[in-house]
1. Being of a type in the set (A, V, I, L, M, F, W, C) and under 21 Å from the mean Cα position of the chain (by Cα): is that true of A28 here?
2. Which residue pairs have Cβ atoms closer than 7 Å, lie 6 or more positions apart in sequence or on different chains, and pair a first residue in the stretch 68-89 that is within 12 Å of G112 (Cβ to Cβ) and of a type in the set (G, A, S) with a second residue that is at pLDDT below 95 and not in a helix (DSSP H, G or I)?
3. Before we move on, is L98 of a type in the set (A, V, I, L, M), modelled with pLDDT under 90 and more than 14 Å from the chain's Cα centre (by Cα)?
4. Could you tell me which numbered condition G159 fails, if it satisfies all but one of (1) of a type outside the set (D, E, K, R); (2) part of a helix (DSSP H, G or I); (3) at pLDDT 90 or above; (4) farther than 14 Å from A192 by Cα?
5. From F232, F196, which residue is among the aromatic types (F, W, Y) and in contact with a strand residue (DSSP E or B) (Cβ under 9 Å, 6 or more places away or on another chain)?
6. So, in the stretch 175-203, of the ones that are farther than 27 Å from A143 by Cα and touching a residue at least 24 places away in the same chain (Cβ under 8 Å), which residue ends up least open to solvent (accessible area, probe 1.4 Å)?
7. State which residue pairs qualify: first residue in contact (Cβ under 8 Å) with a residue 24 or more places away in the chain and inside the stretch 241-265, second residue surrounded by fewer than 18 Cβ atoms within 10 Å (Cβ to Cβ) in any location, beta carbons under 6 Å apart, and separation of 6 or more residues or different chains.
8. Kindly provide the set of residues from the stretch 72-95 that are more than 19 Å from L246 (Cα to Cα) and either touching a Phe, Trp or Tyr at 6+ places or on another chain (Cβ under 7 Å) or among the β-branched types (V, I, T) (or both), ordered by number.
Amino acid sequence: MMTLFVLPYFTLGPWPKEPLFSIGSFHAQIPAFGLLVAMGVVLAVMMGTRKAKQLGLPRHEFQNMAFFLLIIGWLAAHIFEVVFYHPDFILKQPMILLDITNGFSSYGGLIGGIAAFFIWTRGPYRKDRILWAEAAAWSLPFAWFFGRIGCSVVHDHPGSPAPDWWPLAIDFSDPYRPWLNGPRHDLGFYEAIWWFVILIVMLMLNRKPRRPGFYLWLLPILYAPVRFGLDFLRVSDAAGGDTRYLGLTPAQYLSIVLAGVAIYFVIRYRYYRTSTTL
């Protein structure tokens, strides 16, 4: 049966089409994914800096923290991706762990960023951790949204075949992955749409002052259940997709943990109204 609704397969970049020069596997091009991620990081730091100022935090120190979280999060995103999604690669190519340009996990980056946050705030900023965390949480959706747009234009999260009636299906036409061709769910595209919704909600709610800790529970509450559900649509590891453990992807397990963290912050937000420590 012919699919009633389908969106055309689209890609962007890299620019220029022909590399200016190449050194080994490195090609002097600007990849669409990298450019969009960079745009998201810059916007996130700008918005986080504004939020830090609203919360009475030193702007330059927030920018320094953001840079530290970015570096640790970037490394963790790659290591998490290889270890949990492609463990077989480690035995075949152990040096892949050092290739930080090859494969990233958004949740891995989040874990690395959280670890880096506690390292950064272990000293004089410890008493204001809630405020620093609030500024970071407020800025995160801007980076994640652009990151998922990047995923959309390179189609690195293909899903299962879409039903005939689904209006957001992408008509995959990938010469490098011909087994995926045809109308499919595109999980990066879906997440980009959802992160846009989250951004609109947060911008609307930010019109009024909120107690510290508000966005620490709002953000995971809005994201974790949706990510948990979307991962059921991902291509299985048998078809070259995501690895699963007992039927769930690593991201689904972390979504459960993130939902638990959200519940913790809901309770803390409700009962500890003046505390600024974590």
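The values are calculated or read from the model by the stated rules, or taken from the named source; none is laboratory data. Since this is a predicted model, take the numbers as computed values, not measurements. All Cβ positions, even for glycine, are placed from backbone atoms using ideal geometry, and neighbour counts span all protein chains on display. To get the accessible areas, we keep the full protein, side chains included, count just its heavy atoms, and leave off ligands, DNA and RNA. Shrake-Rupley method; radii C 1.70, N 1.55, O 1.52, S 1.80 Å.
1. On the way: of a type in the set (A, V, I, L, M, F, W, C): yes; under 21 Å from the mean Cα position of the chain (by Cα): no.
So A28 fails the test.
2. Going by the 7 Å Cβ cut-off, the qualifying pairs are A77/F104; A77/S105.
3. On the way: of a type in the set (A, V, I, L, M): yes; modelled with pLDDT under 90: yes; more than 14 Å from the chain's Cα centre (by Cα): yes.
Criteria met by L98.
4. (2)
5. Details: F196 fails: in contact with a strand residue (DSSP E or B) (Cβ under 9 Å, 6 or more places away or on another chain).
F232 is the lone residue from the list that is among the aromatic types (F, W, Y) and in contact with a strand residue (DSSP E or B) (Cβ under 9 Å, 6 or more places away or on another chain).
6. At the first step, the residues of the stretch 175-203 found to be farther than 27 Å from A143 by Cα are 175-183.
Retained after the next criterion (residues that are touching a residue at least 24 places away in the same chain (Cβ under 8 Å)): 177, 179-180, 183.
Details: R177: 50, W179: 143, L180: 6, P183: 40 Å².
For the stretch 175-203, the residue satisfying everything is L180.
7. T243/D237; A262/I221
8. Quick first cut of the stretch 72-95, residues more than 19 Å from L246 (Cα to Cα) only: 72-79, 89-95.
Selection gives I72, A77, H78, I79, I90.
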